[in-house]
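The values are calculated or read from the model by the stated rules, or taken from the named source; none is laboratory data. Note that the structure is predicted; figures quoted are calculated from it, not measured. Methodologically, a virtual Cβ is constructed for each residue, glycine included, from the backbone with ideal geometry; neighbour enumeration extends over all protein chains shown. Areas reflect the complete protein model, heavy atoms only, side chains present, ligands, DNA and RNA absent. Shrake-Rupley method; radii C 1.70, N 1.55, O 1.52, S 1.80 Å.
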Amino acid sequence: MIPLWMFPMGIATGNTYLLKPSERTPGASMLLASLAQEAGLPAGVLNVIHGGHSAVNFLCDAPEVKAISFVGGNKAGLHIHSRGSANGKRVQSNMGAKNHATILSDADKETTLNQLTAAGFGAAGQRCMALSVALFVGDSAKWIPELKARAQGLRVGAGSDPKADLGPLISAESKQRVLDLIASAEKEGARIELDGRGVKVEGFPNGNFVGPTIISGVTPNMTCYKEEIFGPVLLCVEVPTLEAAIEFTNASPYGNGCAIFTSSGAAARKYQYEIDVVRNKEKETSSARLREAAAGAVSCHSNFERMSRGDSAHELTVCSCARVSLCVPVLSVLFLHCRARWA
(Lines give C-alpha, C1' and ligand atoms only; values in the text may rest on other atoms or scores of the structure.)
Protein backbone atom coordinates (compact mmCIF):
# COMPACT_ATOMS: atom_id res chain seq x y z
CA MET A 1 0.00 0.00 0.00
CA ILE A 2 2.59 2.57 1.05
CA PRO A 3 4.95 2.03 -1.93
CA LEU A 4 2.03 2.69 -4.28
CA TRP A 5 1.47 6.05 -2.59
CA MET A 6 5.09 6.91 -3.15
CA PHE A 7 7.01 5.69 -6.18
CA PRO A 8 4.45 6.48 -8.94
CA MET A 9 4.47 10.17 -8.00
CA GLY A 10 8.20 10.18 -7.38
CA ILE A 11 8.87 8.75 -10.83
CA ALA A 12 6.25 10.95 -12.54
CA THR A 13 7.94 14.05 -11.13
CA GLY A 14 11.33 13.10 -12.51
CA ASN A 15 13.06 10.98 -9.90
CA THR A 16 14.61 7.57 -9.84
CA TYR A 17 13.59 5.55 -6.83
CA LEU A 18 15.14 3.30 -4.22
CA LEU A 19 12.70 1.23 -2.17
CA LYS A 20 13.91 -0.56 0.94
CA PRO A 21 11.24 -2.85 2.39
CA SER A 22 11.32 -4.46 5.79
CA GLU A 23 13.84 -7.25 5.80
CA ARG A 24 11.16 -9.45 7.39
CA THR A 25 8.64 -9.10 4.59
CA PRO A 26 10.22 -8.10 1.29
CA GLY A 27 7.93 -10.11 -0.98
CA ALA A 28 5.33 -7.46 -1.83
CA SER A 29 7.96 -4.91 -2.85
CA MET A 30 9.62 -7.43 -5.16
CA LEU A 31 6.28 -8.19 -6.80
CA LEU A 32 5.60 -4.48 -7.33
CA ALA A 33 9.04 -3.98 -8.89
CA SER A 34 8.48 -6.98 -11.15
CA LEU A 35 5.12 -5.59 -12.30
CA ALA A 36 6.67 -2.18 -12.96
CA GLN A 37 9.36 -3.81 -15.06
CA GLU A 38 6.76 -5.84 -16.93
CA ALA A 39 4.80 -2.63 -17.61
CA GLY A 40 7.84 -1.15 -19.35
CA LEU A 41 9.45 1.06 -16.72
CA PRO A 42 13.08 1.64 -17.83
CA ALA A 43 15.77 -0.27 -16.01
CA GLY A 44 17.22 1.63 -13.08
CA VAL A 45 14.21 3.87 -12.49
CA LEU A 46 12.64 1.77 -9.71
CA ASN A 47 15.13 -0.14 -7.58
CA VAL A 48 14.74 -2.39 -4.55
CA ILE A 49 17.48 -2.77 -1.95
CA HIS A 50 17.35 -5.31 0.88
CA GLY A 51 18.96 -5.40 4.28
CA GLY A 52 18.79 -4.22 7.87
CA HIS A 53 20.55 -1.43 9.77
CA SER A 54 23.62 -1.34 7.55
CA ALA A 55 21.50 -0.89 4.42
CA VAL A 56 19.53 1.91 6.07
CA ASN A 57 22.71 3.70 7.15
CA PHE A 58 24.25 3.29 3.71
CA LEU A 59 21.25 4.92 2.05
CA CYS A 60 21.08 7.71 4.64
CA ASP A 61 24.74 8.48 3.95
CA ALA A 62 24.86 8.03 0.14
CA PRO A 63 25.39 11.42 -1.53
CA GLU A 64 23.35 10.32 -4.56
CA VAL A 65 20.22 10.13 -2.40
CA LYS A 66 18.62 13.56 -2.20
CA ALA A 67 15.51 12.87 -0.13
CA ILE A 68 14.13 10.22 2.21
CA SER A 69 10.57 9.36 3.16
CA PHE A 70 10.02 6.87 5.97
CA VAL A 71 6.89 5.32 7.44
CA GLY A 72 7.28 3.13 10.52
CA GLY A 73 8.15 2.99 14.18
CA ASN A 74 9.49 5.81 16.33
CA LYS A 75 12.94 4.38 17.03
CA ALA A 76 13.82 3.77 13.40
CA GLY A 77 12.19 7.01 12.28
CA LEU A 78 14.15 9.17 14.70
CA HIS A 79 17.40 7.53 13.63
CA ILE A 80 16.65 8.00 9.93
CA HIS A 81 15.58 11.61 10.40
CA SER A 82 18.69 12.44 12.41
CA ARG A 83 21.19 10.67 10.16
CA GLY A 84 19.62 11.72 6.88
CA SER A 85 19.29 15.37 7.94
CA ALA A 86 22.88 15.40 9.14
CA ASN A 87 23.87 14.48 5.60
CA GLY A 88 21.92 17.37 4.10
CA LYS A 89 18.95 15.38 2.82
CA ARG A 90 15.30 16.29 2.97
CA VAL A 91 13.63 13.82 5.31
CA GLN A 92 10.00 12.98 5.97
CA SER A 93 9.81 10.69 8.99
CA ASN A 94 6.33 9.48 9.82
CA MET A 95 6.27 7.54 13.05
CA GLY A 96 3.88 6.00 15.53
CA ALA A 97 0.08 5.96 15.59
CA LYS A 98 -2.75 5.77 18.08
CA ASN A 99 -6.05 5.92 16.23
CA HIS A 100 -9.07 6.99 18.30
CA ALA A 101 -12.78 6.43 17.68
CA THR A 102 -15.56 8.25 19.50
CA ILE A 103 -18.86 6.42 19.94
CA LEU A 104 -22.07 8.30 20.73
CA SER A 105 -25.15 6.49 21.98
CA ASP A 106 -27.23 7.75 19.03
CA ALA A 107 -25.11 5.77 16.56
CA ASP A 108 -26.46 2.66 14.87
CA LYS A 109 -25.33 0.03 17.35
CA GLU A 110 -24.98 -2.94 14.99
CA THR A 111 -23.00 -1.00 12.39
CA THR A 112 -20.81 0.57 15.04
CA LEU A 113 -19.96 -2.68 16.81
CA ASN A 114 -19.19 -4.40 13.51
CA GLN A 115 -16.91 -1.53 12.47
CA LEU A 116 -15.12 -1.44 15.83
CA THR A 117 -14.51 -5.20 15.70
CA ALA A 118 -13.08 -5.08 12.20
CA ALA A 119 -11.00 -1.96 12.81
CA GLY A 120 -9.63 -3.11 16.15
CA PHE A 121 -8.70 -6.70 15.36
CA GLY A 122 -8.39 -7.10 11.60
CA ALA A 123 -4.88 -8.01 10.42
CA ALA A 124 -4.14 -8.66 14.11
CA GLY A 125 -3.95 -4.91 14.64
CA GLN A 126 -0.83 -4.64 12.47
CA ARG A 127 -1.91 -1.94 10.05
CA CYS A 128 -1.71 1.82 9.92
CA MET A 129 -5.38 2.53 10.48
CA ALA A 130 -6.02 -0.16 13.07
CA LEU A 131 -8.22 1.18 15.84
CA SER A 132 -6.30 1.52 19.10
CA VAL A 133 -8.64 3.48 21.38
CA ALA A 134 -12.44 3.51 21.59
CA LEU A 135 -13.96 6.43 23.50
CA PHE A 136 -17.46 5.53 24.67
CA VAL A 137 -19.54 8.61 25.41
CA GLY A 138 -22.25 8.29 28.07
CA ASP A 139 -24.60 5.34 27.68
CA SER A 140 -22.68 3.90 24.74
CA ALA A 141 -20.37 2.30 27.31
CA LYS A 142 -23.14 -0.25 27.83
CA TRP A 143 -22.19 -1.67 24.42
CA ILE A 144 -18.80 -2.93 25.59
CA PRO A 145 -20.12 -6.42 26.59
CA GLU A 146 -21.61 -6.83 23.10
CA LEU A 147 -18.32 -5.70 21.56
CA LYS A 148 -16.59 -8.34 23.66
CA ALA A 149 -19.00 -11.02 22.40
CA ARG A 150 -18.24 -10.12 18.79
CA ALA A 151 -14.50 -10.19 19.39
CA GLN A 152 -14.77 -13.57 21.10
CA GLY A 153 -16.34 -14.95 17.95
CA LEU A 154 -13.35 -14.10 15.78
CA ARG A 155 -11.23 -17.02 14.59
CA VAL A 156 -7.47 -16.83 15.12
CA GLY A 157 -5.49 -18.92 12.65
CA ALA A 158 -2.63 -19.17 10.23
CA GLY A 159 -2.44 -16.64 7.45
CA SER A 160 -3.05 -19.44 4.96
CA ASP A 161 -6.31 -20.44 6.66
CA PRO A 162 -9.20 -18.96 4.63
CA LYS A 163 -11.47 -19.20 7.68
CA ALA A 164 -9.16 -17.16 9.92
CA ASP A 165 -10.30 -13.66 10.89
CA LEU A 166 -6.84 -12.67 12.14
CA GLY A 167 -3.44 -14.27 11.84
CA PRO A 168 -0.18 -14.20 13.81
CA LEU A 169 1.98 -11.26 14.74
CA ILE A 170 4.98 -10.69 12.53
CA SER A 171 7.62 -12.01 14.95
CA ALA A 172 8.20 -13.51 18.39
CA GLU A 173 9.53 -10.13 19.51
CA SER A 174 6.33 -8.39 18.44
CA LYS A 175 4.25 -10.97 20.27
CA GLN A 176 6.24 -10.52 23.46
CA ARG A 177 5.94 -6.73 23.27
CA VAL A 178 2.15 -6.99 22.92
CA LEU A 179 1.96 -9.44 25.83
CA ASP A 180 4.08 -7.13 27.97
CA LEU A 181 1.84 -4.15 27.25
CA ILE A 182 -1.29 -6.15 28.14
CA ALA A 183 0.38 -7.20 31.39
CA SER A 184 1.34 -3.60 32.14
CA ALA A 185 -2.29 -2.51 31.73
CA GLU A 186 -3.42 -5.13 34.23
CA LYS A 187 -0.68 -4.12 36.66
CA GLU A 188 -1.52 -0.42 36.38
CA GLY A 189 -5.19 -0.91 37.20
CA ALA A 190 -7.00 -1.41 33.89
CA ARG A 191 -9.52 -4.23 33.44
CA ILE A 192 -8.89 -7.03 30.95
CA GLU A 193 -12.38 -7.53 29.56
CA LEU A 194 -11.20 -10.04 26.96
CA ASP A 195 -7.79 -11.71 27.25
CA GLY A 196 -6.15 -13.05 24.10
CA ARG A 197 -2.83 -13.99 25.67
CA GLY A 198 -3.43 -17.72 25.96
CA VAL A 199 -4.77 -18.39 22.49
CA LYS A 200 -3.63 -21.64 20.84
CA VAL A 201 -3.81 -22.51 17.15
CA GLU A 202 -3.86 -26.17 16.23
CA GLY A 203 -0.82 -27.23 14.26
CA PHE A 204 1.21 -24.16 15.27
CA PRO A 205 2.32 -24.67 18.89
CA ASN A 206 5.06 -22.05 18.56
CA GLY A 207 3.09 -19.54 16.52
CA ASN A 208 3.15 -15.83 17.31
CA PHE A 209 -0.56 -15.65 18.01
CA VAL A 210 -2.40 -13.21 20.26
CA GLY A 211 -6.17 -13.28 20.30
CA PRO A 212 -8.48 -10.26 20.36
CA THR A 213 -7.99 -8.36 23.61
CA ILE A 214 -10.22 -5.65 25.08
CA ILE A 215 -8.99 -3.51 27.95
CA SER A 216 -11.26 -1.04 29.79
CA GLY A 217 -10.64 1.53 32.49
CA VAL A 218 -7.66 2.89 30.57
CA THR A 219 -6.19 6.27 31.49
CA PRO A 220 -3.68 8.41 29.55
CA ASN A 221 -0.88 7.79 32.06
CA MET A 222 -0.92 4.02 31.51
CA THR A 223 1.87 2.41 29.51
CA CYS A 224 -0.58 0.65 27.20
CA TYR A 225 -1.94 4.06 26.17
CA LYS A 226 1.37 5.89 25.95
CA GLU A 227 2.99 3.30 23.69
CA GLU A 228 1.97 2.05 20.28
CA ILE A 229 0.80 -1.56 20.68
CA PHE A 230 0.49 -2.70 17.04
CA GLY A 231 -1.44 -5.82 17.96
CA PRO A 232 -5.07 -7.00 18.32
CA VAL A 233 -5.68 -4.91 21.44
CA LEU A 234 -8.49 -2.37 21.79
CA LEU A 235 -8.35 0.12 24.65
CA CYS A 236 -11.74 1.31 25.92
CA VAL A 237 -12.21 4.64 27.67
CA GLU A 238 -15.46 6.03 29.08
CA VAL A 239 -16.04 9.78 28.83
CA PRO A 240 -19.11 11.85 29.77
CA THR A 241 -19.47 14.11 26.73
CA LEU A 242 -18.45 14.62 23.12
CA GLU A 243 -16.38 17.60 24.24
CA ALA A 244 -14.47 15.35 26.63
CA ALA A 245 -13.84 12.83 23.84
CA ILE A 246 -12.48 15.54 21.54
CA GLU A 247 -10.25 16.89 24.30
CA PHE A 248 -8.99 13.38 25.11
CA THR A 249 -8.16 12.66 21.46
CA ASN A 250 -6.48 16.01 20.88
CA ALA A 251 -4.26 15.52 23.94
CA SER A 252 -2.72 12.37 22.45
CA PRO A 253 0.90 12.85 21.30
CA TYR A 254 0.20 10.51 18.37
CA GLY A 255 -1.49 11.37 15.12
CA ASN A 256 -2.78 9.35 12.19
CA GLY A 257 -6.55 9.00 12.19
CA CYS A 258 -9.77 9.19 14.15
CA ALA A 259 -13.49 8.62 13.63
CA ILE A 260 -16.83 9.36 15.21
CA PHE A 261 -19.88 7.09 15.19
CA THR A 262 -23.11 9.07 15.43
CA SER A 263 -26.40 9.73 13.67
CA SER A 264 -26.18 13.44 14.49
CA GLY A 265 -25.00 15.73 11.72
CA ALA A 266 -24.30 18.46 14.27
CA ALA A 267 -22.11 16.15 16.36
CA ALA A 268 -20.28 14.94 13.27
CA ARG A 269 -19.59 18.49 12.10
CA LYS A 270 -18.42 19.57 15.54
CA TYR A 271 -16.05 16.62 15.67
CA GLN A 272 -14.84 17.23 12.14
CA TYR A 273 -13.86 20.83 12.82
CA GLU A 274 -12.60 20.57 16.40
CA ILE A 275 -10.61 17.35 16.21
CA ASP A 276 -6.88 17.63 15.57
CA VAL A 277 -5.10 14.42 14.62
CA VAL A 278 -1.92 16.24 13.63
CA ARG A 279 -0.19 16.05 17.00
CA ASN A 280 3.55 16.39 16.70
CA LYS A 281 5.11 18.67 19.25
CA GLU A 282 8.63 18.59 17.83
CA LYS A 283 8.23 19.13 14.08
CA GLU A 284 6.19 21.26 11.71
CA THR A 285 3.39 19.28 10.09
CA SER A 286 0.81 19.77 7.41
CA SER A 287 -2.50 20.62 9.02
CA ALA A 288 -4.92 19.91 6.19
CA ARG A 289 -7.58 17.27 6.89
CA LEU A 290 -9.01 14.68 4.62
CA ARG A 291 -12.68 14.28 5.46
CA GLU A 292 -14.76 11.34 4.44
CA ALA A 293 -18.10 9.93 5.52
CA ALA A 294 -18.85 6.22 5.41
CA ALA A 295 -20.83 3.62 7.35
CA GLY A 296 -22.14 6.19 9.79
CA ALA A 297 -18.66 7.45 10.67
CA VAL A 298 -16.74 10.61 9.92
CA SER A 299 -12.99 10.03 9.62
CA CYS A 300 -10.12 12.48 9.78
CA HIS A 301 -6.57 11.58 8.76
CA SER A 302 -3.44 13.57 9.40
CA ASN A 303 -1.13 14.43 6.53
CA PHE A 304 2.53 13.64 6.16
CA GLU A 305 4.94 15.73 8.15
CA ARG A 306 6.63 18.20 5.88
CA MET A 307 10.28 18.46 6.77
CA SER A 308 10.93 21.01 4.04
CA ARG A 309 9.36 24.30 3.08
CA GLY A 310 8.16 25.54 -0.30
CA ASP A 311 5.22 24.96 -2.56
CA SER A 312 3.83 21.48 -3.08
CA ALA A 313 4.96 21.20 -6.72
CA HIS A 314 8.56 21.83 -5.70
CA GLU A 315 8.28 19.30 -2.90
CA LEU A 316 6.90 16.72 -5.32
CA THR A 317 9.87 17.31 -7.58
CA VAL A 318 12.31 16.32 -4.85
CA CYS A 319 10.28 14.29 -2.35
CA SER A 320 7.56 12.47 -4.20
CA CYS A 321 4.99 12.57 -1.41
CA ALA A 322 4.08 15.90 0.13
CA ARG A 323 0.33 15.51 0.61
CA VAL A 324 -0.67 11.95 1.36
CA SER A 325 -2.42 10.68 4.51
CA LEU A 326 0.01 9.59 7.22
CA CYS A 327 0.01 5.84 7.71
CA VAL A 328 2.06 3.37 9.74
CA PRO A 329 1.86 0.01 8.02
CA VAL A 330 2.57 -3.57 8.96
CA LEU A 331 5.77 -3.32 6.97
CA SER A 332 8.10 -0.57 8.06
CA VAL A 333 9.32 0.69 4.72
CA LEU A 334 12.06 3.15 3.86
CA PHE A 335 11.70 5.08 0.64
CA LEU A 336 14.58 6.99 -0.81
CA HIS A 337 14.48 9.21 -3.85
CA CYS A 338 17.34 10.09 -6.18
CA ARG A 339 17.27 12.77 -8.84
CA ALA A 340 16.54 11.21 -12.20
CA ARG A 341 19.32 10.53 -14.66
CA TRP A 342 17.07 9.33 -17.44
CA ALA A 343 15.30 11.22 -20.16
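Find the residue count for region 244-275, including only residues that are of a type in the set (Gly, Ala, Ser) and more than 18 Å from Gly96 (Cα to Cα).
Final tally of qualifying residues: 8.
If you take just the strands (runs of 3 or more DSSP E) that sit entirely in region 182-241, which of them hold at least 1 residues that are touching a strand residue (DSSP E or B) at 6+ places or on another chain (Cβ under 7 Å) and open to solvent by less than 10 Å² (accessible area, probe 1.4 Å)?
Of the strands (runs of 3 or more DSSP E) lying wholly inside region 182-241, those with at least 1 residues that are touching a strand residue (DSSP E or B) at 6+ places or on another chain (Cβ under 7 Å) and open to solvent by less than 10 Å² (accessible area, probe 1.4 Å) span 213-216, 233-239.
Of everything in region 33-50, what is within 11 Å of Leu19 (Cα to Cα) and exposed (fewer than 14 other Cβ atoms within 10 Å of the Cβ)? Give them in sequence order.
Hit for region 33-50 is His50, nothing else.
Can you tell me which residue in region 22-32 is farthest from Gly72 (Cα to Cα), limited to those that are open to solvent by less than 50 Å² (accessible area, probe 1.4 Å) and in contact with a Pro (Cβ under 8 Å, 6 or more places away or on another chain)?
If we take residues in region 22-32 being open to solvent by less than 50 Å² (accessible area, probe 1.4 Å) and in contact with a Pro (Cβ under 8 Å, 6 or more places away or on another chain), then Leu32 is farthest from Gly72 (Cα to Cα).
Residue check: is Val178 assigned to a loop (DSSP other than H, G, I, E, B), in contact with a helix residue (DSSP H, G or I) (Cβ under 9 Å, 6 or more places away or on another chain), among the aliphatic types (A, V, I, L, M) and under 20 Å from Lys148 (Cβ atoms)?
In short, no.
What number of residues within region 200-231 satisfy the criterion of being within 23 Å of Leu116 (Cβ to Cβ) and among the basic types (Lys, Arg)?
Residues flagged as within 23 Å of Leu116 (Cβ to Cβ) and among the basic types (Lys, Arg) within region 200-231 amount to 1.
Being touching a His at 6+ places or on another chain (Cβ under 9 Å) and of a type outside the set (A, V, I, L, M) is the filter here; which residues of region 51-81 pass it?
His53, Asn57, Cys60, Lys66, Ser69, Phe70, His79
Within the bounds of region 95-110, is there any residue that is open to solvent by 20 Å² or more (accessible area, probe 1.4 Å) and part of a helix (DSSP H, G or I)?
Yes.
Answer with yes or no whether Ala244 is surrounded by fewer than 21 Cβ atoms within 10 Å (Cβ to Cβ) and farther than 26 Å from Lys142 by Cα.
Against the criterion (surrounded by fewer than 21 Cβ atoms within 10 Å (Cβ to Cβ) and farther than 26 Å from Lys142 by Cα), Ala244 does not qualify.
How many residues are open to solvent by 50 Å² or more (accessible area, probe 1.4 Å) and under 25 Å from Leu242 (Cβ atoms) if we restrict to region 139-166?
6
Which residue out of Gly122, Gly88 is part of a loop (DSSP other than H, G, I, E, B) and either under 24 Å from the mean Cα position of the chain (by Cα) or not aromatic (Phe, Trp, Tyr) (or both)?
Result of the check over Gly122, Gly88: Gly88.
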